[in-house]
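J.: Would you mind keeping the following structure in view while I ask a few things?
The values are calculated or read from the model by the stated rules, or taken from the named source; none is laboratory data. For clarity, every value in this text was computed on a predicted model and none was experimentally measured. Here Cβ is always computed from backbone atoms with ideal geometry, including for glycine, and neighbour counts include all displayed protein chains.
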């Protein structure tokens, strides 16, 4: 019995995403094609791999076992292909990114990149955008993923993200007047857009909490200390999204750009830049769809 790698790749993607629809977008196939591949794999093995309950899919015991082996098979396969196709690409790339995108998006993106370019070392720095620009301009970064207003001044636009208001799902802090805000330190585009939107709607607010990192901001929201503005693709669990029905104005979108250093760009950095430009929008779109589903369920 031979297990085709393309079918195993579809299986792993479906297991990770929990959805044939999301898996189809990642492997660039139709939903029906993904369903047929999974059915073919189940027929080859004589085992059911998924338990389907409406839109939700969970792995069976046999599916969980296969997932472990499938990951190992695909990793070795991708390393072999990469070594044959691009054995010359190696080196270190210094990548900077806002920390609100670090946890939900970068691990997946860099994991995929490492499978196809195992000789490239990626050194990641995650801080607020204002700090990242300073590091980039001082020559400490080769590539920078940057959050901008609607009119970006630098870099290549790779995608957009919608800003939304979020509050604790267990508190009513959003009903206070003035409403308390948790914001990043001065210079953050999220802070500027949040304050501008509230002022435009004549809604009273006060700065209740400031932080340099996303962890501090989200902790303040979860504890019921304040509300904040968040990218829709990076909404954490156990929070509630606020809208016009709650008395909050719509927030604008932000533009995500990729900036390349003109002085230190290498072949490895150029390859990673192309990969980020191609993959970031896809991952953000999948995260946004998943978060939209969570919002609708709540």
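J.: Within the range 15-47, which residues are within 15 Å of residue 57 (Cα to Cα) and touching a helix residue (DSSP H, G or I) at 6+ places or on another chain (Cβ under 7 Å)?
T.: 15, 17, 20, 21, 22, 23, 24, 31, 34, 35, 38
Here's the yes/no breakdown for (1) surrounded by 14 or more Cβ atoms within 10 Å (Cβ to Cβ); (2) part of a helix (DSSP H, G or I):
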site: 36; (1), (2): yes, yes
site: 51; (1), (2): no, no
site: 58; (1), (2): no, no
site: 65; (1), (2): no, yes
site: 70; (1), (2): yes, yes
site: 73; (1), (2): yes, yes
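J.: Looking only at the range 48-64, decide whether some residue is in contact with a helix residue (DSSP H, G or I) (Cβ under 8 Å, 6 or more places away or on another chain) and either assigned by TED's automatic domain parsing to the domain that holds residue 261 or closer than 28 Å to residue 276 by Cα (or both).
T.: no
Residues are listed down the side, and each one gets a yes or a no for (1) outside the structural domain of residue 98 (by TED's automatic domain parsing); (2) in a loop (DSSP other than H, G, I, E, B); (3) within 26 Å of residue 278 (Cβ to Cβ):
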site: 122; (1), (2), (3): no, no, yes
site: 125; (1), (2), (3): no, no, yes
site: 130; (1), (2), (3): no, no, no
site: 136; (1), (2), (3): no, no, yes
site: 190; (1), (2), (3): yes, no, yes
site: 194; (1), (2), (3): yes, no, no
site: 199; (1), (2), (3): yes, no, no
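To keep it simple, each residue is scored yes or no on (1) at pLDDT 90 or above; (2) surrounded by 18 or more Cβ atoms within 10 Å (Cβ to Cβ); (3) in the same structural domain as residue 279 (by TED's automatic domain parsing).
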site	(1), (2), (3)
13	no, yes, no
16	no, no, no
21	no, no, no
28	no, no, no
45	yes, no, no
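J.: Kindly list the number of the only condition in (1) assigned to a loop (DSSP other than H, G, I, E, B); (2) surrounded by fewer than 17 Cβ atoms within 10 Å (Cβ to Cβ); (3) at pLDDT 85 or above that fails for residue 248.
T.: The number of the failed condition is (2).
J.: Let me ask something else about it. In the range 8-50, how many residues are touching a strand residue (DSSP E or B) at 6+ places or on another chain (Cβ under 8 Å) and touching a residue at least 40 places away in the same chain (Cβ under 8 Å)?
T.: Selection size over the range 8-50: 3.
J.: State yes or no: is residue 237 outside any strand (DSSP E or B) and in contact (Cβ under 8 Å) with a residue 60 or more places away in the chain? So that I can check it myself, show each step before the final result.
T.: Working: outside any strand (DSSP E or B): yes; in contact (Cβ under 8 Å) with a residue 60 or more places away in the chain: no.
The answer is no for residue 237.
J.: Here are the criteria: (1) in contact with a strand residue (DSSP E or B) (Cβ under 6 Å, 6 or more places away or on another chain); (2) surrounded by fewer than 15 Cβ atoms within 10 Å (Cβ to Cβ); (3) modelled with pLDDT under 90. Tell me which single one residue 254 does not satisfy.
T.: (2)
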